[in-house]
Amino acid sequence: MLRVLGGNSKLFLVLQGLLACAALQSAAVPARAIDLAPTAPVRALSYDEVANRLYFLDATGALKRLDLTPNCEAAPPCQVSTIVPSFMGQPLNVAVNATTGFGYVTVSAGTLSGGTLWRVNLNGNAPVTPVKIATADLGIPTQIVLAPEINAAYIASTVGQLWRVDLSTGQTSLIAEHLGSTQALVVNAARTLAYGLYAAPVRIVEIDLGTGKPTRTLGTFGQFALGPFSLAWTDSSESALYALIGEFGDSALLRVNLAANTASLMTKFAGAGGLISGDGDGLAVNPSGSSLYVGSHQSVIRFPLSAAPDHSRVFLSIGNIPVTGISQTSGYANTSTTPPDAPFKVVDSPFGGTLDIFGDLTLLINTYHATSYRILVSRSVIPVDPPAPIMASWTAYRWNPASLPLPHYQPVLVAPDATGHYSIPPEYGPPATVPYWSPTYLMMRWPTSDNGLYTLQLQIFRGARDITFRIPTAQQSLTVLVDNTLPVANLQSIRAIDATTPPSVSVIEPCQIVSTPLPNSFDFVLTAYDANGHLLSYSLTAFWGRNRSATVLSDSYSAHVSGAPLWTGVNNDSRPLPPDPYWMATCNCAHTFVLR
């Protein structure tokens, strides 16, 4: 695993031990959290990206709609309407198909059996009567995920079952069982993998939808049993999840990186006055990834995920890494201490992939009176590359208050002219219309390629006139280190160690049967290596039996920091190294070893 991620330079906290049992430390909720509308405790949320609405279930048993506009999101409250006053039973989760205008609600009968699925027509404004479409025993259904391309839904239950329901016929198919107490669920767009959130201990389990079998477990977050529990994709890349976990007065919002098997703490809801209660639940993310919505015990909360400028500097951040946390000599990101409110705590981390560069476009218009800008890039190599304009295009979202049948965000192509100039949208002038763009303040999406230390130079123009001199010299450029080389991971052999003096070593062949008690000491020849020295960590995990697993060995950059911020890892070497003990199996069972 590298210390590199596009826009989110990373040296994330390891999942194991991030949250030990109920020992969440008290921390204030970020000031940017916004209460959109007062409600009864919220149990579930679903985002309608077509009409720009949130549908939610509250503790009164009603399905309600919250109409989102840039104005109400910046200066609440937003308008709330009741869609279904009550259901026959306790509604637990909601999902919306924005294209068809139908919502789907899971309802519990209050026992371990009798869970049902209901369809609600959302196309009108008056309260409607829901229609029951699945009456099979779904247990206590905790989460519903729609798969509109196959006209189906995936539903998880607290009795450890995962169902697929045909939304036309109501026919149910059992996909997996014996999974534990499933509290939340997401499914990837390819419908090949599901991720379930389980309680006591709280953990995320990856499930193969083809076989119905768990494939790996991501960390242990504590012994919480009552919730809230929710999962949501961070964005369409499906590389990370938001996870809401904990119990009343002691809850936390995490960002879990699936590929790296790491997590970072976004915020905590601590103490009796915390925003999240036992009923508070639900996560939703808007399509651009610029806002996260969380249900609380008294409102729907919005967390703006775009950079919030203080109008004192032009470059704001790369992804979620503030420019104040990027060294302008090495290009590494370091946010472990500065700034103190950085959402991700990283150390000595380069960047890679496509970088989202945020800048204060309002400052460019109102203070420097610019109408356009361009960003030149140069790489510090010999011979030095001359600065060249970045010619990138991307899709943003702009609020159209005149669109029919309802106002909503519409996709807009952002592209430069032939010389690399980008027009500054006039909405960034008046403060009231800045939120008309989403993600707000996105100035550039730069697809990086070759590795190296790069300098980004901002130029601004008023018409054809270059007025870059108006920007303080120190704020005209930004230096970043780019590393797009993937690490090498290879578990080359597993060796049985005979306890003789000196110990004899024999390589275990694939499919060879080895039984305890002898031999029952093993080491591993492996490569977990990054030639550029930007390895964050590696781990070797053993899986066996029914959902049994153990970490065989692991290592991380933090144990090797000395002088230069580099650690290459292990290259064709055996582990563990003496005097560390060899690994020993605890039972006669088929084992799978996974190096990450």
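Taking 0.36 nm per residue of separation and subtracting the Cα-Cα distance, what length does fully extending Thr551 through Leu486 add? Mind dumping the intermediate values first?
Values: separation 65, 0.36 × 65 = 23.40 nm, distance 2.32 nm.
Stretched fully, the Thr551-Leu486 segment lengthens by 21.1 nm.
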Residue order for Glu509, Glu206, Glu177, Glu247 - accessible surface, 1.4 angstrom probe, largest first: Glu509, Glu177, Glu247, Glu206
Among Val381, Pro339, Pro430 the positive-end extreme of the charge dipole of segment 332-454 (Cβ point charges): Pro430
Heavy atoms of Arg302: accessible area, 1.4 Å probe, square angstrom to 10: 40
Solvent exposure ordering (accessible area, 1.4 Å, most first) of Lys132, Lys268, Lys213, Lys345: Lys213, Lys132, Lys345, Lys268
Proximal charge balance of Arg374 [Cβ under 11 Å; K/R count +1, D/E count -1]: -2
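Using a probe radius of 1.4 Å on heavy atoms only, what accessible surface per residue do you get for segment 324-456? Whole Å² is fine. Walk me through the numbers on the way to the answer.
Details: 5850 Å² over 133 residues.
For segment 324-456, the solvent-accessible area averages 44 Å² per residue.
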Shape call, the chain: gyration tensor on alpha carbons, a/c limit 1.5: oblate
Accessible surface of segment 112-212 [probe 1.4 Å, protein heavy atoms]: carbon and sulfur percent: 49
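On a 1.4 Å probe surface of the protein chains, which of His311, His421, His297 comes out largest in accessible area, and what is the full order?
Details: His311 95, His421 40, His297 60 Å².
Largest accessible area first, the list is His311, His297, His421.
At R0 = 35 Å, how high is the FRET efficiency between Ala190 and Lys132 if r is their beta carbon distance? Nearest 0.05 is fine. Numbers along the way, then the final one.
Details: r = 30 Å, r/R0 = 0.86.
Once the sixth-power term is evaluated, E becomes 0.70.
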Neighbour net charge for Ile390 - beta-carbon separation under 10 angstrom, K R +1, D E -1: +2
Global geometry of segment 520-583, whether rounded, prolate or oblate, following the gyration tensor of its Cα atoms and the 1.5 cut on a/c: prolate
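As an exercise, use a Förster radius of 41 Å and the Cβ-Cβ distance of Ser449 and Asp310 to find the FRET efficiency, rounded to the nearest 0.05.
After rounding to 0.05, the efficiency reads 0.80.
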In nm, spacing of pseudo-spin labels at Thr419 and Glu177 (7 Å Cα→C-beta vector): 7.1
Accessible-area value, Cys587, 1.4 Å probe, nucleic acids and ligands omitted, Å²: 40
Computed helical MRE - 222 nm, the chain, DSSP H runs ≥ 4 contributing -39500 (n - 2.57), nearest 500: -500 deg cm²/dmol
Gyration tensor (alpha-carbon) shape descriptor, segment 441-596, a/c threshold 1.5: prolate
Cα-based reach from Lys213 at 19 Å (exclusive), listing aspartates and glutamates while leaving out same-chain residues under 8 positions away: Glu177
Mean accessible surface per residue for segment 459-596, computed with a 1.4 Å probe while every protein chain stays in place, in Å²: 56
Farthest positive-ward along the chain dipole, Cα basis, beta-carbon charges - from Ser549, Leu535, Pro472: Pro472
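Tally Lys/Arg at +1 and Asp/Glu at -1 over every other residue whose Cβ is under 13 Å from the Cβ of Thr419; what's the total? Walk me through the intermediate numbers first.
On the way: positive: Arg374; negative: Asp417, Asp466.
Result for the local shell: -1.
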Solvent accessible area, Å² - Asp555, 1.4 Å probe, full protein context: 40
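The values are calculated or read from the model by the stated rules, or taken from the named source; none is laboratory data. Computed from a predicted model, the values in this text were never measured in an experiment. Using ideal geometry, Cβ is built from the backbone for each residue, glycine included, and neighbour counts are taken over all protein chains shown. Just the protein is used for accessible areas: all its heavy atoms, side chains included, with ligands, DNA and RNA removed. Shrake-Rupley method; radii C 1.70, N 1.55, O 1.52, S 1.80 Å.
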